[in-house]
2 protein chains.
Amino acid sequence: MTKPSVIAFDADDTLWVNEPIFNEVEDKFAKLLLHYTSEETLKKKLFDTEIKNLHIFGYGVKGFMLSMIETAIELTNGQITGDEIHKIISWGKDMLQHPVHLLDGIEETLKELHGDYKLMIITKGDLFDQESKIARSGLADYFDHIEIVSEKDEKTYQQILDKYNIAKEEFLMIGNSAKSDVLPLINIGSQAIHIPYHTTWEHEKVDEAQKAKLPYIEISEIKQIFNYLNK
Amino acid sequence: MTKPSVIAFDADDTLWVNEPIFNEVEDKFAKLLLHYTSEETLKKKLFDTEIKNLHIFGYGVKGFMLSMIETAIELTNGQITGDEIHKIISWGKDMLQHPVHLLDGIEETLKELHGDYKLMIITKGDLFDQESKIARSGLADYFDHIEIVSEKDEKTYQQILDKYNIAKEEFLMIGNSAKSDVLPLINIGSQAIHIPYHTTWEHEKVDEAQKAKLPYIEISEIKQIFNYLNK
């Protein structure tokens with residue numbers, strides 16, 4: 001293995017808690033509409049609406065809010081009240097201002113890596129929301145570059161490597177999504193470490209058999225990256 | 001005047017039509033709710049809601065959609081129907097997929113500048129929406145760098161100059177908003193050309209007396225920049 005010179009981190013559910021905040025709101029959403037439809041139907045319909053809207057809204061909380069509202073109107077045949085929709089908007093606003101909870105060991109790890117490696121954040125989603133979370137996390141000063149992108153695929157990663165003139169072999173990406181943070185990197189000849197989080201959005205899940213064949217390592221907590229780096 | 005080496009363009013209402021698309025939807029929104037409240041009250045309330053939400057949503061169509069929905073619920077005391085809210089969501093989705101209409105002379109101007117200057121787009125707003133518009137505009141290949149930012153202030157421009165190692169005197173920004181595309185540039189010692197568009201969002205308006213004192217030029221059509229550049 002080539003020693004990496006640049007280490008990039010995903011943000012949501014890699015540096016800080018994210019998916020549980022969505023799950024919590026989904027539960028409240030299901031409860032709000034329980035007198036119209038079952039929780040299972042509602043969550044299935046919400047997921048389908050999110051995926052259908054992804055090419056128009058992109059990732060992020062605002063698109064999620066709009067998809068919840070659309071789902072609620074459709075599943076209730078327009079019977080949902082203005083007050084109920086107002087609740088959905090309030091939950092979304094709370095999500096956008098939610099305190100940022102760092103995951104275990106993140107700050108210590110960044111402190112130790114800082115100076116020895118160039119550090120980056122590469123995160124997808126809503127520009128304004130992600131910038132706000134980075135600012136509120138207090139971690140911004142550890143990073144040399146921050147890239148907020150609309151999609152994490154091979155093309156995006158290649159553009160980032162070109163932009164900063166980084167040799168692909170010397171680039172290591174760390175994140176919780178095998179689909180976004182691992183597979184595209186392996187495909188372009190870079191390094192990747194998967195650090196699964198206890199909950200993953202359905203859309204980010206990948207075929208386990210496909211994963212098993214690929215040359216990357218998986219760790220269960222962030223501090224284990226030093227075992228990899230010091231090899 | 002130092003000859004600029006880098007020319008950056010704002011996008012919305014500088015390269016292509018934008019504000020009229022918002023105005024058209026605002027008119028439809030007012031008409032939809034005319035049996036609840038007057039057009040004037042509604043537009044005033046919508047603007048206030050947008051400004052109130054700016055620090056949570058940032059700029060862009062999705063935030064505008066959510067502010068319309070919130071305004072509609074509040075102004076109708078929750079009486080707005082699901083079907084009416086569904087209409088608002090459809091208008092927003094249409095906005096996000098609206099054909100990109102280039103302004104007069106843009107493509108010819110970019111073609112002529114391309115090669116002689118480094119060209120950039122610096123636009124604020126929703127990452128996903130702006131990327132999509134840039135792709136649909138067919139102009140992407142004229143630009144060396146594209147920066148989608150959450151706010152256009154002195155700090156943002158300074159960061160861009162630092163990132164690309166551009167001397168501030170050699171940087172020229174061109175755009176339709178005196179507030180976002182001119183004033184911060186003059187304040188950091190760069191050059192700016194104002195090319196007003198026939199309609200400007202209330203939030204982007206600046207005090208005319210303040211503007212009059214500043215050292216920048218105003219042109220009425222894009223091709224006039226060659227008079228400035230060839231001086």
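The values are calculated or read from the model by the stated rules, or taken from the named source; none is laboratory data. All figures in this text were calculated on a predicted structure; none of them were measured in a lab. Cβ placement follows ideal geometry from the backbone for every residue including glycine, while neighbour counts extend to all protein chains displayed. Accessible surface is based on the protein model in full, side chains and every heavy atom, while ligands, DNA and RNA are left aside. Shrake-Rupley method; radii C 1.70, N 1.55, O 1.52, S 1.80 Å.
Return the pair list, or none, for Cβ contacts closer than 7 Å from residues in region A:73-84 that are farther than 14 Å from residue A:30 by Cβ to residues that are open to solvent by less than 50 Å² (accessible area, probe 1.4 Å) and not in a helix (DSSP H, G or I), at least 6 apart or on different chains.
Every condition considered, the pairs that remain are A:73/A:80; A:81/B:78; A:82/B:76; A:82/B:78; A:82/B:80; A:83/B:78.
Looking at (1) within 15 Å of the chain's Cα centre (by Cα); (2) open to solvent by 10 Å² or more (accessible area, probe 1.4 Å), can you tell me which one residue A:130 breaks?
(2)
Tell me, which residue of region B:145-177 that is in a strand (DSSP E or B) and open to solvent by 30 Å² or more (accessible area, probe 1.4 Å) is farthest from the other protein chains (Cβ to nearest Cβ)?
The first filter runs over region B:145-177 and keeps only residues in a strand (DSSP E or B), leaving B:145-149, B:171-175.
Checking the rest, the ones that are also open to solvent by 30 Å² or more (accessible area, probe 1.4 Å) come to B:145-146.
Working: B:145: 9, B:146: 11 Å.
Out of the qualifying residues, it is B:146.
Taking residue A:49, is it in a helix (DSSP H, G or I), open to solvent by less than 30 Å² (accessible area, probe 1.4 Å), more than 8 Å from every other protein chain (Cβ to nearest Cβ) and under 17 Å from residue A:203 (Cα atoms)?
Numbers: in a helix (DSSP H, G or I): yes; open to solvent by less than 30 Å² (accessible area, probe 1.4 Å): yes; more than 8 Å from every other protein chain (Cβ to nearest Cβ): yes; under 17 Å from residue A:203 (Cα atoms): yes.
Taking the combined requirement at face value, the residue satisfies it.
Of all residues in region A:156-214, count the ones that are within 16 Å of residue A:14 (Cβ to Cβ), at pLDDT 90 or above and charged (D, E, K, R).
2
Identify all residues within region B:107-144 that are within 14 Å of chain A (Cβ to nearest Cβ), without any contact (Cβ under 8 Å) to a residue 40 or more places away in the chain and among the hydroxyl-bearing types (Ser, Thr, Tyr); write none if there are none.
B:132
Filter region B:1-16 for residues that are open to solvent by 40 Å² or more (accessible area, probe 1.4 Å) and of a type in the set (A, V, I, L, M) and give the result. Let's see the steps before the verdict.
Filtering region B:1-16 for residues open to solvent by 40 Å² or more (accessible area, probe 1.4 Å) gives B:1-3, B:5.
B:1, the sole residue that qualifies.
Please work out which residue is modelled with the highest pLDDT, limiting yourself to region A:107-127 and to residues that are of a type in the set (D, E, K, R) and crowded, with 20+ Cβ neighbours inside 10 Å.
Initially, region A:107-127 is screened for residues of a type in the set (D, E, K, R), giving A:107-108, A:111-112, A:116, A:118, A:124, A:126.
From what is left, the residues that are crowded, with 20+ Cβ neighbours inside 10 Å are A:124, A:126.
On the way: A:124: 94, A:126: 90.
The selected residue is A:124.
So, residue B:141, is that one surrounded by fewer than 19 Cβ atoms within 10 Å (Cβ to Cβ), modelled with pLDDT of 95 or more and outside any loop (DSSP other than H, G, I, E, B) or not?
Numbers: surrounded by fewer than 19 Cβ atoms within 10 Å (Cβ to Cβ): yes; modelled with pLDDT of 95 or more: yes; outside any loop (DSSP other than H, G, I, E, B): yes.
Criteria met by residue B:141.
Look at region B:77-106 and say how many of its residues are open to solvent by less than 10 Å² (accessible area, probe 1.4 Å), at the interface with another protein chain (Cβ under 7 Å from one of its Cβ atoms) and β-branched (Val, Ile, Thr).
Number of matching residues: 3.
With respect to residue B:77, determine if the residue is among the polar types (S, T, N, Q) and part of a helix (DSSP H, G or I).
On the way: among the polar types (S, T, N, Q): yes; part of a helix (DSSP H, G or I): no.
Taking the combined requirement at face value, the residue does not satisfy it.
Determine whether residue A:60 is modelled with pLDDT under 95 and either open to solvent by 20 Å² or more (accessible area, probe 1.4 Å) or within 11 Å of chain B (Cβ to nearest Cβ) (or both). Walk me through it before giving the result.
Details: modelled with pLDDT under 95: yes; either open to solvent by 20 Å² or more (accessible area, probe 1.4 Å) or within 11 Å of chain B (Cβ to nearest Cβ) (or both): yes.
So residue A:60 passes the test.
Against the condition of a type in the set (Asp, Glu), crowded, with 16+ Cβ neighbours inside 10 Å and outside the structural domain of residue B:127 (by TED's automatic domain parsing), how does residue B:26 come out, does it pass? Lay out the reasoning, then the answer.
Details: of a type in the set (Asp, Glu): yes; crowded, with 16+ Cβ neighbours inside 10 Å: yes; outside the structural domain of residue B:127 (by TED's automatic domain parsing): yes.
Considered against the rule, which asks whether it is of a type in the set (Asp, Glu), crowded, with 16+ Cβ neighbours inside 10 Å and outside the structural domain of residue B:127 (by TED's automatic domain parsing), residue B:26 comes out as yes.
Has region B:33-44 got any residue that is under 22 Å from the mean Cα position of the chain (by Cα) and either within 7 Å of chain A (Cβ to nearest Cβ) or surrounded by fewer than 21 Cβ atoms within 10 Å (Cβ to Cβ) (or both)? Explain how you work it out, then say what you get.
Keep residues of region B:33-44 that are under 22 Å from the mean Cα position of the chain (by Cα), which gives B:43-44.
Then keep just the ones that are either within 7 Å of chain A (Cβ to nearest Cβ) or surrounded by fewer than 21 Cβ atoms within 10 Å (Cβ to Cβ) (or both); that gives B:43-44.
Yes, region B:33-44 has at least one match.
How do the pairs read when you match residues in region B:8-35 that are touching a residue at least 60 places away in the same chain (Cβ under 8 Å) with residues anywhere that are assigned to a loop (DSSP other than H, G, I, E, B) and crowded, with 21+ Cβ neighbours inside 10 Å, using Cβ under 6 Å and keeping only pairs 6 or more apart or on different chains?
Sorted first by the residue in region B:8-35, then by its partner, the pairs are B:9/B:15; B:12/B:18; B:13/B:176; B:14/B:176; B:19/B:13.
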